[in-house]
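**Q** The structure is given below, and queries will be raised subsequently.
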Amino acid sequence: MSVPPTPTLLLAVHGTRDPEGARTARALARATAAASGAPVRLAFADVLEPDVGQVAAGVEGPLVVVPAFLASGYHVRVDIPEQLARAGRAEVPVAPALGADRRLVAAAAARLARAGHRAGEPVVLAGAGSSDRRALGEVERAARMLSPMVGAPVVTGYAATAAPTVAEAVAALRARGAARVAVASWLLAPGLFQARLSEAGADTVAGPLCPHPAVARVLADRYARTLSTAQERPLAASAMR
């Protein structure tokens, strides 16, 4: 009896014209393959090609799309499903966004410590931003989780789309009397948004979460859980007949 092939993990990232960001995406794909034990293909939800649908159309057999996004904004909820539908692969399961996973919040704390965060120095957790209130709520939850990890108050700020901006959040902390302010990055890779963090007027600015190994481990976990759920559904449907 032949063993069915391991479903492909299609890693969906945002895409950036920053060469370092693109290298980070490729490195993340390799790390995710090692963590999951699955064949991994890389695709872009925006900015670059091939997009998710183009890659999915070229994959024979089962696959699972795992979005490398920290919040469930427009790309995760709309762009990725639409790209799959256009490619005739609407049946492909899509894992949820990474969200405020404790392992990722701990990675943000580690990156902040590496950048030189001082005890008690208030922190702005800098997310990409979204017009979706649910996505912003996920960033706010991560900020609440980060505060006890770094031993300092943490507020949110955004690189685009949402308010306050990172610079506004830094300025507000200074207006409340903070002598020093730190920025923790709630971004996965280098690019335009990460560059904006360095221009926000903070004293300490952490790098993006990658290449912290927790990112690949969480992506591998999302793949395994989504695959398990997808395999259970046919069994449940046949049991009801």
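The values are calculated or read from the model by the stated rules, or taken from the named source; none is laboratory data. Keep in mind the model is a prediction, meaning the values are calculated, not measured. Here the Cβ positions follow ideal geometry from the backbone for every residue, glycine too, while neighbour counts run over all protein chains shown. What goes into the accessible areas is simple: the full protein's heavy atoms, side chains included, and nothing from ligands, DNA or RNA. Shrake-Rupley method; radii C 1.70, N 1.55, O 1.52, S 1.80 Å.
**Q** Exactly one of these conditions fails for residue 191: (1) within 23 Å of residue 102 (Cβ to Cβ); (2) of a type outside the set (A, V, I, L, M, F, W, C); (3) open to solvent by less than 30 Å² (accessible area, probe 1.4 Å); (4) in contact (Cβ under 8 Å) with a residue 12 or more places away in the chain. Give me its number.
**A** Of (1) within 23 Å of residue 102 (Cβ to Cβ); (2) of a type outside the set (A, V, I, L, M, F, W, C); (3) open to solvent by less than 30 Å² (accessible area, probe 1.4 Å); (4) in contact (Cβ under 8 Å) with a residue 12 or more places away in the chain, only one is false for residue 191: (1).
**Q** Within the bounds of the stretch 133-143, is there any residue that is open to solvent by 50 Å² or more (accessible area, probe 1.4 Å), small (Gly, Ala, Ser) and modelled with pLDDT under 95?
**A** no
**Q** Continuing with this model, one more query. Within the stretch 194-227, which residues are free of Cβ contacts under 8 Å to residues at least 60 places away in the same chain and more than 23 Å from residue 18 (Cα to Cα)?
**A** Within the stretch 194-227, 221 is the sole residue that qualifies.
**Q** Okay, moving on. Looking at the stretch 58-74 only, could you name the residues that are touching a Pro at 6+ places or on another chain (Cβ under 6 Å) and either under 18 Å from residue 222 (Cβ atoms) or buried (at least 22 other Cβ atoms within 10 Å of the Cβ) (or both)?
**A** 62, 63, 64
**Q** Turning to a different aspect of this structure: Anything in the stretch 58-75 that is over 19 Å from residue 130 (Cβ atoms) and part of a loop (DSSP other than H, G, I, E, B)? List them, or say none.
**A** Within the stretch 58-75, 58, 59, 60, 61, 62 meet the criteria.
**Q** With 76, 139 as the choices, which residue is touching a Phe, Trp or Tyr at 6+ places or on another chain (Cβ under 7 Å), over 19 Å from residue 214 (Cα atoms) and β-branched (Val, Ile, Thr)?
**A** Matching residue, one of 76, 139: 76.
**Q** Of the residues that sit in the stretch 48-57 and are open to solvent by 10 Å² or more (accessible area, probe 1.4 Å) and part of a helix (DSSP H, G or I), which one is farthest from residue 80 (Cα to Cα)?
**A** Only one residue tops the list, namely 57.
**Q** Given the conditions (1) buried (at least 17 other Cβ atoms within 10 Å of the Cβ); (2) within 22 Å of residue 69 (Cα to Cα); (3) out of contact with any Phe, Trp or Tyr (no Cβ under 7 Å at 6 or more places or on another chain), which single one is not true for residue 170?
**A** (2)
**Q** Of the numbered conditions (1) open to solvent by 20 Å² or more (accessible area, probe 1.4 Å); (2) under 19 Å from the mean Cα position of the chain (by Cα); (3) within 18 Å of residue 131 (Cα to Cα); (4) not small (Gly, Ala, Ser), residue 164 fails exactly one; give the number of that condition.
**A** Status for residue 164: all satisfied but (2).
**Q** Then there is this: From the list 139, 65, pick out the single residue that is touching a Leu at 6+ places or on another chain (Cβ under 6 Å), touching a residue at least 12 places away in the same chain (Cβ under 8 Å) and closer than 23 Å to residue 11 by Cα.
**A** Of 139, 65, the one residue that is touching a Leu at 6+ places or on another chain (Cβ under 6 Å), touching a residue at least 12 places away in the same chain (Cβ under 8 Å) and closer than 23 Å to residue 11 by Cα is 65.
**Q** Next question. What are the pairs with Cβ atoms under 9 angstrom where one residue, in the stretch 17-43, is open to solvent by less than 50 Å² (accessible area, probe 1.4 Å) and the other, located anywhere, is acidic (Asp, Glu) and not in a helix (DSSP H, G or I)? Sequence gap at least six, or different chains.
**A** The qualifying pairs are 24/18; 43/49; 43/51.
**Q** Can you report the number of residues in the stretch 212-241 which are modelled with pLDDT of 95 or more and either outside any helix (DSSP H, G or I) or open to solvent by 50 Å² or more (accessible area, probe 1.4 Å) (or both)?
**A** So the count comes out to 5.
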